[in-house]
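What follows draws every value from the coordinates through simple rules; no lab data is involved. From a predicted model like this one, the values you see are computed outputs, not experimental measurements. FYI the Cβ positions are ideal-geometry reconstructions off the backbone, even for glycines, and counts take in every protein chain you see.
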Amino acid sequence: MTFLSKPVQIFGREREWAGLVRFATFPGPEARLGIVSGRRRQGKTFLLDALVREAGGFFFAATDETETAVLTRLGWELAAWTGDGPHAFADWHEALERLFTDVPQGLIVLDEFSRLVEASPALPSICRLALDAHGYAKGTTSRLLLCGSDMGVMSRLLAGRAPLRRWAGLDMVIRPLDHREAAAFWGIDDPRLAVLVHSIVGGTPAYRREFVAGDVPRSMDDFDGWVVRTVLDPRAALFHEARHLLAEEAGIQDLAGSRAVFAAIVSGKATCGEIADHLEDADQLTRVLEDAQLISRQQDAFGPGPAVFRVSEPLIVFYEAIMRREWTRLERGQPEAAWRDSRATFLSQVVGPHFEALCREWVWTVDAGVFGELPSEVAAGTVADPRNRTQIQVDVAVLGREEHGRPRRVLSLGEVKWDKVMHPGHVERLRRARDLLSVKGYDTSGTVLTCYTGAGFQGDLPKDARAVTLDDLYA
Ligand SMILES: Nc1ncnc2c1ncn2[C@@H]1O[C@H](COP(=O)(O)OP(=O)(O)O)[C@@H](O)[C@H]1O
Ligand SMILES: [Mg+2]
């Protein structure tokens, strides 16, 4: 296998690069198919463009065009690449035949493939025919790489009875950078500042580059200023991205309805039932948004109760919680005042829930020593407390592997506080939850009571508890 080093301008993505190189250079006797998907702005084109430069091949980027227009442009671009032509393709059969003839060994990248499929729904079947034993790809060792941002369309390419199913030798999803990678990418050393920035821009690499022109908050003191001059400034690209992100997300037709779903979730009405209270078409809408990976459904750790939805894209939460409410002032160019009046909402609706989610994500990355064994489930959970007629909310419940005939082990119960100092009372609540779970039949003999704290712990940490700090999250 050939070794192609990752170009220096590509941050991280080591595993993705290695997988792509393996796919591109694997010595096999026949043509192969690969799929790369991921939400917009995560760096798919960036990676594949670099791969084609290193490994050689032809790169074609689709845009919103009719089939005729796209075939015409493909004809020009392929002719320019090979130096002959011009080609006038009557249909995709002809185009693929020419592509495999002209690129018999390198990569053929069709970027934004989901848009091509929109204009030509039969295209996946035509690709399948090309790759078949008697297809145009016969006798070549080309690598056909289909890349796309519409997660619904892309995941259906390989699902169930889809024509391309079982053909793909590579099926890669390019995800946002995780919180540690994002901090490194932004060059932010202070974990507190890193959480705040991540709670707005998440792990989308493009937001560090094109969208803020490299403007990074220098320190905690600069955070408010940074917010005001980037995401809240109508002259900044990030401001418009927050508003248009949804509109450009393919597959989402009902914008107003989708916004209503986000608004409900962000304001805390996050179960299917609660969302349906506000909206007629809640079922259909949540399904589309889930498909697009903009929201995700999470089951309670301890019960069959209704699942809650969470918004996966931080910028959407920020837009809903802060920008939309302050829209008039923002449009009129008064971001300072808008931001000043939004601080409390920012803490309660943006950073608080975001920090909780980061803590849950962190649990997946710890080694077995931290909670006694590797977690098999991490979620928020609700424990009914009959004596006090209340419910105890557990922000981070960590469960061990399910084993037949044995009670489920609760590895840890955790409380998360971003801006409030924690104290022994918080541990007492967790103890109560632990005891109630034990009565319900869970194995709590090894349960670690965990305080995830952004502001520290007052007094002595009880012996049966452990603290997880910002430094731990970013270690
Ligand atoms: N791994 C990375 N390292 C550095 N910059 C990146 C990386 N991934 C993405 N970017 C930045 O994000 C921008 C948008 O990425 P792009 O490839 O267009 O996303 P996608 O194709 O997934 O929509 C790139 O132009 C680049 O500036
Ligand atoms: Mg792209």
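Descriptive notes on the structure:
- Listed peptides 174-180, 240-246, 6-12 by packing density, highest first (mean Cβ within 10 Å): 174-180, 240-246, 6-12
- Taking the longest Cα principal axis of the chain as reference, the axis of helix 424-439 is set at about 80 degrees.
- Charge tally in the Cβ shell below 11 Å around ALA247, where Lys, Arg are +1 and Asp, Glu are -1, ALA247 excluded: -1
- Efficiency of FRET from Cβ geometry, ASP464 and THR101, R₀ 45 Å, rounded to 0.05: 0.05
- With neighbour counts taken as other beta-carbon atoms within 10 Å, the residues VAL366, VAL231, VAL439 rank, fewest first, as VAL439, VAL366, VAL231.
- For ALA133 and LEU374, the FRET efficiency from 1/(1 + (r/R0)^6), where r spans their Cβ atoms and R0 equals 56 Å, is about 0.80.
- Segment GLN391-ALA79, length gained on full extension (0.36 nm per residue, minus Cα span): 105.6 nm
- Mean Cβ neighbour count within 10 Å, used as a protection proxy, ranking 289-296, 369-376, 191-198 highest first: 191-198, 289-296, 369-376
- Annotation: lysines with alpha-carbon distance below 21 angstrom to LYS44 (same-chain offsets under eight excluded): LYS6.
- Between ALA122 and GLU181, the modelled label-to-label distance comes to 3.9 nm, taking each label 7 Å out from Cα in the direction of the beta carbon.
- Average Cα contact separation per residue, the range 366-474, under 8 Å, 6 or more apart, as relative contact order %: 23
- Rel. contact order, % - alpha carbon contacts under 8 angstrom, at least six apart, the range 249-338: 26
- Centre separation in Å (Cα based) which lies between the range 220-250 and the range 134-198: 25
- Semi-axis lengths, largest first, of the ellipsoid equivalent to the chain are 44, 27, 22 Å, with √(5λ) applied to each eigenvalue of the Cα gyration tensor.
- Percent antiparallel among DSSP beta bridges (both partners in the chain, rounded to 5): 35
- Straight-line cross-link reach from LYS269 at under 13 Å between alpha-carbon atoms covers these aspartates and glutamates, not counting any fewer than eight positions away in the same chain: ASP277.
- In the chain, the longest principal axis of the Cα atoms and the axis of helix 255-266 are about 30 degrees apart.
- Neighbourhood charge, 15 Å Cβ-Cβ cut-off, centred on PHE457 and excluding it, Lys, Arg +1 and Asp, Glu -1: -2
- Fully extended contour minus Cα-Cα distance, from THR365 to THR72, at 0.36 nm per residue: 100.6 nm
- Looking at the range 1-42, the GluC sites (Glu not before Pro) that sit in a DSSP loop and have at most 14 other Cβ atoms within 10 Å of their own Cβ are GLU30.
- C-alpha center-to-center spacing [the range 278-314, the range 1-77] in angstrom: 32
- Charge tally for ASP91 (other residues, Cβ to Cβ under 12 Å; Lys, Arg +1; Asp, Glu -1): -2.
- Pairs of Cα atoms nearer than 8 Å and 6+ residues apart set the relative contact order; for the chain it is 10 percent.
- Estimated inter-spin distance, SER445 and ARG297, nm [label 7 Å along Cα→Cβ]: 3.6
- Cα long-axis angle, helix 237-248 against the chain (0 to 90 degrees, to the nearest 10): 70
- Once the C-beta distance of GLN334 and SER267 is scaled by a Förster radius of 25 Å, the resulting FRET efficiency is 0.55 to the nearest 0.05.
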